[in-house]
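Below is one structure, written out as structure tokens, with a few remarks after it.
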Amino acid sequence: MTMPDLGNLREQRQPLECRVALVSNDRDLSCNWVSALNTTAAQHENPLGLRFESVMHSALENYLLSEDKLQALIIDAGCSPEELKGAEALADRLHDLRAQLNVFLVAQDSFLSDQGGAPASVRKRFDELFDRRECNFNQMFRLVQAFIARRASTPFADTLKEYVFSARDAWHTPGHSGGDSLRNSPWVGDFYRFMGEHVFNTDLSVSVQVLDSLLEPHSVIQEAQDLAAQAFGAEHTFFLTNGTSTANKVVIQQILGGGGKIIVDQACHKSVHHAIVMNRVEPVYLKSTLHPQFGIYGPVRRADIEAALDEHPDAGLLVITSCTYDGLRYDLKPIIDYAHERGVKVLIDEAWYAHGYFHTELRPTALECGADYVTQSTHKMLSAFSQASMIHVQDPDFDEFRFRENLNMYASTSPQYLMIASLDVARKQMAMEGYGRLRHCLQMVETLRREVDATGVFRALTCADLIPAPLANDNIRLDPTKVTIDVTGSGFSGKEIQVKLFDQFGIQVEKTTYNTITVLVTIGSTESKLLRLVHALKELARSPRRRRSHISASRQLPEFTRLSCLPADAYFAETEELPLMDNGVAAEKKLVGRTCADEIVPYPPGIPVLVPGQEISAQIVQFLQQMLQGQNTTEIHGLIFRSDEPMLRVVKVSEKQVGKAPPAKLEK
């Protein structure tokens with residue numbers, strides 16, 4: 001293990017405190033060792049603030065769940081082989097509760113011998129081993145400190161900061177040269193002052209070799225990625241500075257580049273649909289379930305996923321989203337196991353669930369359930385900058401060289417170093433204090449839900465409220481940090497409540513449906529923000545302007561028709577533009593039966609009504625026309641507007657000329 005530099009830890013503005021618990025039922029040993037270790041800590045440099053204490057086995061679980069500052073455990077394996085086996089089992093249980101903690105073993109040297117060394121099972125579970133009889137407390141203190149400091153290090157962010165403070169003259173890109181082009185400008189100097197000097201002097205280029213290369217990392221970026229893999233429970237982790245949209249495209253190209261069959265949720269992120277076009281993939285679409293009362297689309301039924309896997313044994317990849325935008329999580333393990341039994345790789349889009357691994361109540365994550373690839377938006381719920389994402393890999397057939405080439409096809413050769421640093425720092429924060437931060441989040445969630453329900457007008461929806469009837473037996477769970485509030489009792493629509501919160505109280509929510517709003521409780525949420533949100537909802541609930549009005553119900557997406565050809569063939573075919581409105585009936589006659597060339601996505605809910613290669617039906621045309629009519633028109637991505645007239649791009653040539661792929665249907 002590389003010894004970390006403790007110098008940066010001395011710069012912490014608030015004093016650090018790291019609890020280290022000795023787990024033993026031997027009271028004499030616990031008392032003597034804890035006293036000796038605390039004496040040693042007082043005599044040595046201790047920037048981490050290590051403090052040792054003892055915990056008996058019977059009290060350990062409660063201690064783990066309540067002590068936020070705990071960073072390491074030293075497990076006493078006693079004096080017998082049976083106690084050593086018990087210590088291994090205890091280590092496994094500790095990992096299930098607090099996976100980020102460093103765990104050390106104290107045992108008799110004679111019980112650790114396995115042809116001259118500790119058994120592999122012991123080495124796998126423990127960071128370091130100590131002889132029970134040696135009692136070298138100086139060495140024990142230094143090793144415990146080194147392991148915790150390594151987890152607390154930020155190799156890339158530290159190197160970036162050191163380079164900036166070295167004040168090198170820049171004769172390389174970017175052109176603003178550390179902000180010098182803006183600093184004294186009478187025209188744009190205000191922007192420099194607004195953004196701050198470090199935004200500019202940390203905006204560097206690959207010319208600075210000490211900062212490593214994101215496209216071919218060998219030093220500090222690779223170290224940061226290795227620490228991230230350890231923190232998130234992956235075999236390999238890769239940083240991205242252009243979002244999980246790119247992450248999904250990279251993984252799909254890795255598995256199906258050049259063609260193949262993919263089984264995918266129709267409601268997946270648009271980046272997956274884009275990757276299907278870009279890689280000439282044949283999709284098998286799975287139908288999402290709608291909760292008609294709230295207009296929320298949920299996961300796909302497990303039975304539908306299994307049926308698709310059985311019906312398409314030639315599929316190369318299964319892609320599902322967990323959790324969804326509204327916080328609904330699959331019971332992933334049986335689904336992933338079912339896919340693996342049929343030789344299908346699994347990609348889980350965890351864009352909204354990067355925090356899941358860091359609290360007991362939120363596990364298991366996709367990686368723990370066996371997913372081959374997991375994509376995460378580190379910026380959505382954690383402390384990274386927007387667009388900062390990660391790909392986690394544990395595919396047993398992983399080809400790292402080919403993966404790097406696929407990644408480099410999408411990555412910029414001029415990545416934003418601030419984003420890379422923010423990924424490094426966001427990982428450190430979750431590894432060191434993620435459990436405590438999330439515990440605080442969950443406490444705020446409980447308060448928010450209780451106060452919302454207490455208004456008597458608004459209602460915080462539970463998991464049972466949000467799960468559509470077809471998913472009742474699928475063991476769907478809810479990420480509690482996504483709080484969806486039913487506003488029906490107010491007489492206003494979700495959009496109207498969103499506007500009132502913003503205009504009257506300065507509060508911006510995450511999303512709305514026709515009768516709900518959703519707020520995110522993240523590690524950046526504070527008690528003051530919670531107080532203001534609760535106050536605003538109580539004021540709206542008491543408002544004399546509250547009225548009963550007609551709130552339009554959610555329009556269920558029209559049925560998927562069929563694919564006339566591969567999406568790629570349609571997208572790149574010779575096309576023509578046909579009007580969508582055109583007095584309604586006339587447009588319908590021209591469009592029905594034609595093959596759409598683009599992805600048409602009403603937002604919300606953000607699920608495609610049409611994908612490239614799909615046959616257009618009368619039901620789809622009427623649905624899109626309704627979306628664009630009236631005062632509350634819906635934003636629809638993919639339409640072309642000519643002189644304010646909405647147009648659909650359709651394949652001009654006959655379907656037989658477009659492609660030879662067999663018609664595909666939506667799996668039900």
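The values are calculated or read from the model by the stated rules, or taken from the named source; none is laboratory data. Please read these numbers as outputs of a predicted model, since none were measured by experiment. Ideal geometry is used to build each Cβ from the backbone, glycine not excepted, and the neighbour counts take in all protein chains shown. For accessibility, only protein heavy atoms count, side chains too; no ligands or nucleic acids. Shrake-Rupley method; radii C 1.70, N 1.55, O 1.52, S 1.80 Å.
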Check: Taking the Cα centre of each part, how many Å lie between segment 410-457 and segment 291-339?
Finding: 25
Check: Among bridges DSSP assigns within the chain, what percent are antiparallel (round to 5)?
Finding: 50
Margin query: Of 454, 285, 274, which is farthest towards the positive pole of the chain's charge dipole, taken about the Cα centre with +1 and -1 on the beta-carbons of Lys, Arg and Asp, Glu respectively?
Written below: 454
Checklist line | Tilt relative to the chain, helix 220-232 - C-alpha long axis, 0 to 90 degrees, to 10 | finding: 90
Note to self: So if I place +1 on the C-beta of Lys and Arg and -1 on the C-beta of Asp and Glu, and nothing else carries charge, what would the dipole magnitude of the chain be about its Cα centre? I want it in debye, nearest 20.
What the structure shows: 2040
Check: Which one is right for this structure if Rg and Dmax of the Cα atoms in Å is calculated from it: (1) 25.2, 73; (2) 27.9, 90; (3) 27.2, 104?
Finding: (2)
Margin query: Which one, 393, 411, 426, projects farthest toward the positive side of the charge dipole computed for segment 364-444 from Cβ point charges (K/R +1, D/E -1)?
Written below: 426
Margin query: Let's test the formula: R0 of 30 Å, r as the Cβ-Cβ distance of residue 559 and residue 462. What FRET efficiency results, to the nearest 0.05?
Written below: 0.50
Check: With all protein chains present, how much of the accessible area of the chain (probe radius 1.4 Å) comes from carbon and sulfur, to the nearest whole percent?
Finding: 49
Notebook entry, point to check: Sorted by average packing, counted as other Cβ atoms within 10 angstrom per residue and highest first, what order do 234-242, 287-295 take?
Noted result: 234-242, 287-295
Next item on the list: Measure nothing but the geometry: give the 0 to 90° angle between the long axis through the Cα atoms of 243-256 and the longest principal axis through the Cα atoms of the chain, rounded to 10°.
Entry: 80
Notebook entry, point to check: Per residue, how much accessible area does segment 274-359 have with a 1.4 Å probe, in Å²?
Noted result: 28
Check: For the pair residue 92 and residue 592, how long in nm is the line joining their label points, each one 7 Å along Cα→Cβ?
Finding: 6.2
Item checked: Accessible area in square angstrom per residue, segment 77-198, 1.4 angstrom probe -> 55
Checklist line | Length-normalised contact order of segment 427-493 in % [C-alpha pairs under 8 Å, at least 6 apart] | finding: 36
Notebook entry, point to check: When Lys and Arg each count +1 and Asp and Glu each count -1, what net charge do the other residues less than 11 Å away from residue 338, Cβ to Cβ, add up to?
Noted result: -1
Item checked: Percent of Cα-Cα distances greater than 14 Å, calculated over segment 455-518 -> 61
Next item on the list: With a ≥ b ≥ c taken as the square roots of the eigenvalues of the C-alpha gyration tensor of segment 317-436, please select rounded if a/c is under 1.5 and otherwise prolate if a/b is larger than b/c or oblate if it is not?
Entry: oblate
Next item on the list: Mind jotting down the three principal axis lengths of segment 324-378 based on Cα atoms? Whole angstrom, largest first.
Entry: 30, 20, 18
Next item on the list: Pull up the DSSP beta bridges for segment 38-165 and report the antiparallel fraction as a percent, rounded to 5.
Entry: 0
Margin query: If each residue of separation counts as 0.36 nm, what is the full-extension length gain between residue 197 and residue 185 once their alpha-carbon separation is subtracted?
Written below: 2.9 nm
Checklist line | Mean Cβ neighbour count within 10 Å, used as a protection proxy, ranking 347-354, 460-467 highest first | finding: 347-354, 460-467
Margin query: Can you compute the charge dipole magnitude of segment 46-108 about its Cα centre, using +1 on each Lys and Arg Cβ and -1 on each Asp and Glu Cβ, nothing else charged? Give it in debye, rounded to the nearest 20.
Written below: 200
Note to self: Once R0 is set to 51 Å, what does the formula 1/(1 + (r/R0)^6) return for the Cβ-Cβ distance between residue 626 and residue 409, expressed as a FRET efficiency to the nearest 0.05?
What the structure shows: 0.80
Next item on the list: Could you size up the charge dipole of segment 152-223 around its Cα centre, putting +1 on the beta carbon of Lys and Arg and -1 on that of Asp and Glu, and report it in debye to the nearest 20?
Entry: 220
Note to self: Compute the angle between helix 332-341 and the longest alpha-carbon principal axis of the chain, please, reported from 0 to 90 degrees and rounded to the nearest 10.
What the structure shows: 80
Note to self: Ignoring everything except DSSP H segments at least 4 long, calculate the 222 nm mean residue ellipticity for the chain; use -39,500 (n - 2.57) per segment, divide by total residues, nearest 500.
What the structure shows: -12000 deg cm²/dmol
Notebook entry, point to check: Once the Cβ-Cβ distance between residue 496 and residue 136 is put in as r, and R0 is 60 Å, what FRET efficiency do you end up with, to the nearest 0.05?
Noted result: 0.30
Notebook entry, point to check: Lys/Arg Cβ at +1, Asp/Glu Cβ at -1, dipole of the chain taken about the Cα centre: which of 201, 572, 517 is farthest positive-ward?
Noted result: 517
Check: Between residue 399 and residue 473, what is the label-to-label distance in nm when each label sits 7 Å out along the Cα-to-Cβ direction?
Finding: 4.2
